[in-house]
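Derivation of every value follows stated rules applied to the coordinates shown; laboratory data play no part. Keep in mind the model is a prediction, meaning the values are calculated, not measured. Ideal geometry is used to build each Cβ from the backbone, glycine not excepted, and the neighbour counts take in all protein chains shown.
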Ligand SMILES: [Zn+2]
């Protein structure tokens, strides 16, 4: 599969996939199931498999190229991580770093790493094994971790495994981390927007250049059905009520607007524009769906 790219003014955004598949919706959005997902008719095809009703799920990084800067947003599950509580991320052995390099992001050229939050599937490639110790994968990058987010996860264990211990703390100890506010402006074209609820310090990544706009959602959404039902929690939402409020205000803000929404766990086109749909909303992938033949992959069921 070729990496998929979008040009937002001067900013090139590339999706680099670690894994893709058709996931049982109940695992991710407990109110959803194999019978009701297809009620979101607008999503059937791009985001929901027509045959099975499963979610098209992707674990991917969005790489941003802005002038000389190469910024990686979220670092997937990583290799060799012990995740007894998350079989999908346990002791992975993928060629993700080769795909990242092929997509334009050799690790040594990455200038910054942004984690929308510090969950297991957003920090994994922050580090890799060097002998028996975890070392930063991106030796020349500054890693930006939300200050509020780290306050939470530095004391709260994750059910998946020792995520903080193997994928965050080693970066801090190596002196490569900066603890940042959730509304940080990185440069003229790029800033963070707080989108809390899924986790306490969760933020989205906003891109604006030459009258073109995009936003990377992080884990604000896990399933397209949440555009119809913002109150349907994602299983890992830390504060479900707050996450639902944030989803609603986000859709109000970006609906019927030219901002391209890039969803961090949506497979298929992984993007669209938010439109009003009766009393709810939908995500319209427009010309980004159907995919070109060489972009299609990931039909295994999980
Ligand atoms: Zn996630």
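As an exercise, take the mean of 1/r over every pair of distinct alpha carbons in the chain, invert it, and state the Kirkwood radius in angstroms. If you can, show how the numbers build up before the last one.
Details: mean 1/r = 0.0524 Å⁻¹.
Roughly 19.1 Å, rounded to one decimal.
What number, rounded to the nearest 500 deg cm²/dmol, is the helix-based mean residue ellipticity at 222 nm of the chain, given -39500 (n - 2.57) per DSSP H run of at least four residues and division by all its residues?
-4000 deg cm²/dmol
Can you put 166, 294 in order of Cβ neighbours within 10 angstrom, beginning with the fewest?
So the ranking, lowest neighbour count to highest, is 294, 166.
Could you work out how far the C-alpha centroid of segment 232-302 sits from that of segment 61-131, in angstrom?
22 Å
Any chance you could run the full-extension gain for residue 133 through residue 187? It's 0.36 nm times the residue separation minus the Cα-Cα distance, nm to one decimal.
Details: separation 54, 0.36 × 54 = 19.44 nm, distance 3.36 nm.
Going from the current span to full extension adds 16.1 nm.
Averaging sequence separations of C-alpha pairs under 8 Å and six or more residues apart, then dividing by the length of segment 143-231, give the relative contact order as a whole percent.
24 percent
Using a ≥ b ≥ c from the Cα gyration tensor of segment 1-89 (square roots of the eigenvalues), is it rounded, prolate or oblate, where a/c under 1.5 gives rounded and otherwise the larger of a/b and b/c decides, a/b for prolate?
It is oblate, given that a/c is not under 1.5 and a/b is not larger than b/c.
Quick one: helix 240-254 against the long Cα principal axis of the chain, what's the angle to the nearest 10°, folded into 0 to 90?
Relative to the chain, helix 240-254 is tipped by roughly 70 degrees.
Give the percent of DSSP beta bridges with both residues in the chain that are antiparallel, rounded to the nearest 5.
Given both bridge residues lie in the chain, the antiparallel proportion sits at roughly 75 percent.
For the chain, what does the relative contact order come out to in percent, with C-alpha contacts under 8 Å and a separation of six or more?
20 percent
What is the extension gain from residue 111 to residue 242, computed as 0.36 nm multiplied by their sequence separation minus the C-alpha to C-alpha distance, in nm to one decimal?
43.9 nm
How would you rank 154, 279, 255, going from fewest to most other Cβ atoms within 10 Å of each one's own Cβ?
Result, fewest neighbours first: 279, 154, 255.
Once the piece of chain linking residue 275 and residue 293 is laid out straight, how much longer is it, given 0.36 nm per residue of separation minus the C-alpha distance between them?
3.8 nm
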